[in-house]
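K.L.:
Structure in structure tokens, see below.
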Number of protein chains: 2
Amino acid sequence: MLKITILAVGKIKNENFKKAFEEYLKRLSPYASLKVDELDPEPFYDNSDKEKIKEKEGKKIAKYLEKFKQSKIFILDEKGKEFNSTNFSEFLFKNELDEIVFVIAGTLGFSEEIFGYKNVIKISLSQMTFPHEFARVILAEQIYRAIAINKNKSYHY
Amino acid sequence: MLKITILAVGKIKNENFKKAFEEYLKRLSPYASLKVDELDPEPFYDNSDKEKIKEKEGKKIAKYLEKFKQSKIFILDEKGKEFNSTNFSEFLFKNELDEIVFVIAGTLGFSEEIFGYKNVIKISLSQMTFPHEFARVILAEQIYRAIAINKNKSYHY
């Protein structure tokens, strides 16, 4: 069974988004072994040095990703490669991967360091900026949709 | 105050999306006079002639839009023009419109007819296909974000 890990910085605080995300995880469970890991965000204030905080969070992410050297890692970034849902499904399944990792940054985004990794691919859900909690729901929905397309399963929505 | 109308085919059935949508409407209320109108979708079954149903829904939409001949009408469509959130804000506010109408189709999408209207512009939230209930939440969030950007208001998310 396909293993999917979603690594996120921070928790989903908004109850509605949290429930919507959990609903998609449940719908995904027969088709993929899905794990969600949340890293603690660095606290920051209006006058904080945000670049420094991003860097710190980046180091945490890098450390977490060490064990995934053999996997494809998809980083969610507005400036990443865009897909329509059918292409996204083909893209996820064409290489018959055993394991896929998605990474969603916190409020401040990613530090540059991570984009240098060889197995990292930047993907974009939209050119628009979404709240990071919201991006998680969209990602779960698109993974579910990608699997439905791949299995030729009808998906009423 | 800017008047915004969101016309949608069908209701939001999912409780989480419904609540999230209502939350954004509430956050928008100090900045825009926002109205949501929902048209009844045509019932359809697996063996229904979906083109015919889309056409029927299209006629309902067209009838509703008759009173907006002087307004800009933005139709949400995956193949429409994409924006990042800053450009979307500029695009909405550059003409100092009094009234903006957004239209979200139902499950089946739009009939071709509507795209022929002179005051209709196709816009896209993403190349990806989202559930139409979800598209409504994203739209409300992006309108809120567009206003925050326009007012130079900090928006913590």
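K.L.:
If I ask for residues that are open to solvent by less than 50 Å² (accessible area, probe 1.4 Å) and of a type in the set (Ser, Thr, Tyr), which ones from region B:89-128 would you list?
P.N.:
The answer is B:89, B:111, B:124, B:126.
K.L.:
Please verify whether residue A:51 is in a helix (DSSP H, G or I), exposed (fewer than 14 other Cβ atoms within 10 Å of the Cβ) and out of contact with any Lys or Arg (no Cβ under 6 Å at 6 or more places or on another chain), treating the condition exactly as stated. Let's see the steps before the verdict.
P.N.:
On the way: in a helix (DSSP H, G or I): yes; exposed (fewer than 14 other Cβ atoms within 10 Å of the Cβ): yes; out of contact with any Lys or Arg (no Cβ under 6 Å at 6 or more places or on another chain): yes.
So residue A:51 fits the description; yes.
K.L.:
Pairs, please: C-beta under 7 Å, at least 6 apart or cross-chain, first residue assigned to a loop (DSSP other than H, G, I, E, B) and in region A:102-130, second among the hydroxyl-bearing types (Ser, Thr, Tyr) and open to solvent by less than 30 Å² (accessible area, probe 1.4 Å)?
P.N.:
Correct list of pairs: A:119/A:71; A:125/B:126; A:126/B:126; A:128/B:85; A:129/B:85.
K.L.:
Based on this model, can you work out whether residue B:20 counts as part of a helix (DSSP H, G or I) and buried (at least 18 other Cβ atoms within 10 Å of the Cβ)?
P.N.:
Numbers: part of a helix (DSSP H, G or I): yes; buried (at least 18 other Cβ atoms within 10 Å of the Cβ): yes.
Taking the combined requirement at face value, the residue satisfies it.
K.L.:
Still on this structure, I have one more. Does residue B:58 meet the test of being out of contact with any Leu (no Cβ under 7 Å at 6 or more places or on another chain), within 13 Å of chain A (Cβ to nearest Cβ) and within 17 Å of residue B:7 (Cα to Cα)? Full working, then the answer.
P.N.:
Details: out of contact with any Leu (no Cβ under 7 Å at 6 or more places or on another chain): yes; within 13 Å of chain A (Cβ to nearest Cβ): no; within 17 Å of residue B:7 (Cα to Cα): yes.
Against the criterion (out of contact with any Leu (no Cβ under 7 Å at 6 or more places or on another chain), within 13 Å of chain A (Cβ to nearest Cβ) and within 17 Å of residue B:7 (Cα to Cα)), residue B:58 does not qualify.
K.L.:
Restricting to region A:1-17, and then to whatever is within 17 Å of residue A:74 (Cα to Cα) and open to solvent by 20 Å² or more (accessible area, probe 1.4 Å), can you tell me which residue is modelled with the lowest pLDDT? Let's see the steps before the verdict.
P.N.:
Residues of region A:1-17 that are within 17 Å of residue A:74 (Cα to Cα), as a first pass: A:2-9.
When the remaining residues are screened for being open to solvent by 20 Å² or more (accessible area, probe 1.4 Å), the result is A:2-3.
Details: A:2: 88, A:3: 93.
Per the criteria, the residue is A:2.
K.L.:
Would you pick out the residues in region B:129-142 that are in contact with a Ser or Thr (Cβ under 7 Å, 6 or more places away or on another chain) and either open to solvent by 20 Å² or more (accessible area, probe 1.4 Å) or among the hydroxyl-bearing types (Ser, Thr, Tyr) (or both)? Quick ask: steps written out before the conclusion?
P.N.:
The initial filter retains those residues of region B:129-142 that are in contact with a Ser or Thr (Cβ under 7 Å, 6 or more places away or on another chain), namely B:129, B:132, B:142.
B:129, B:132 - these are the residues of region B:129-142 that are in contact with a Ser or Thr (Cβ under 7 Å, 6 or more places away or on another chain) and either open to solvent by 20 Å² or more (accessible area, probe 1.4 Å) or among the hydroxyl-bearing types (Ser, Thr, Tyr) (or both).
K.L.:
Here is a list: B:67, B:54, B:50. Which entry is out of contact with any Asp or Glu (no Cβ under 8 Å at 6 or more places or on another chain) and more than 30 Å from residue A:154 (Cβ to Cβ)?
P.N.:
Details: B:54 fails: more than 30 Å from residue A:154 (Cβ to Cβ); B:50 fails: more than 30 Å from residue A:154 (Cβ to Cβ).
Step by step, each of B:67, B:54, B:50 is checked, and only B:67 is out of contact with any Asp or Glu (no Cβ under 8 Å at 6 or more places or on another chain) and more than 30 Å from residue A:154 (Cβ to Cβ).
K.L.:
Taking region B:3-24 as the search range and keeping residues that are within 12 Å of the chain's Cα centre (by Cα) and β-branched (Val, Ile, Thr), which one is farthest from the other protein chains (Cβ to nearest Cβ)?
P.N.:
B:5
K.L.:
Just one of B:149, B:114 is within 11 Å of another protein chain (Cβ to nearest Cβ) and either in contact with a Cys (Cβ under 8 Å, 6 or more places away or on another chain) or not hydroxyl-bearing (Ser, Thr, Tyr) (or both); which is it?
P.N.:
Details: B:114 fails: within 11 Å of another protein chain (Cβ to nearest Cβ).
Result of the check over B:149, B:114: B:149.
K.L.:
Being free of Cβ contacts under 8 Å to residues at least 40 places away in the same chain and within 13 Å of chain A (Cβ to nearest Cβ), is that true of even one residue in region B:68-89?
P.N.:
yes
The values are calculated or read from the model by the stated rules, or taken from the named source; none is laboratory data. Since the model is a prediction, treat every value here as computed from it, not as a measurement. As a convention, Cβ positions derive from the backbone with ideal geometry for all residues, glycine included, and neighbour counts pool all protein chains shown. For the accessible areas, the whole protein counts, side chains as well, though only heavy atoms, and no ligand, DNA or RNA atoms are used. Shrake-Rupley method; radii C 1.70, N 1.55, O 1.52, S 1.80 Å.
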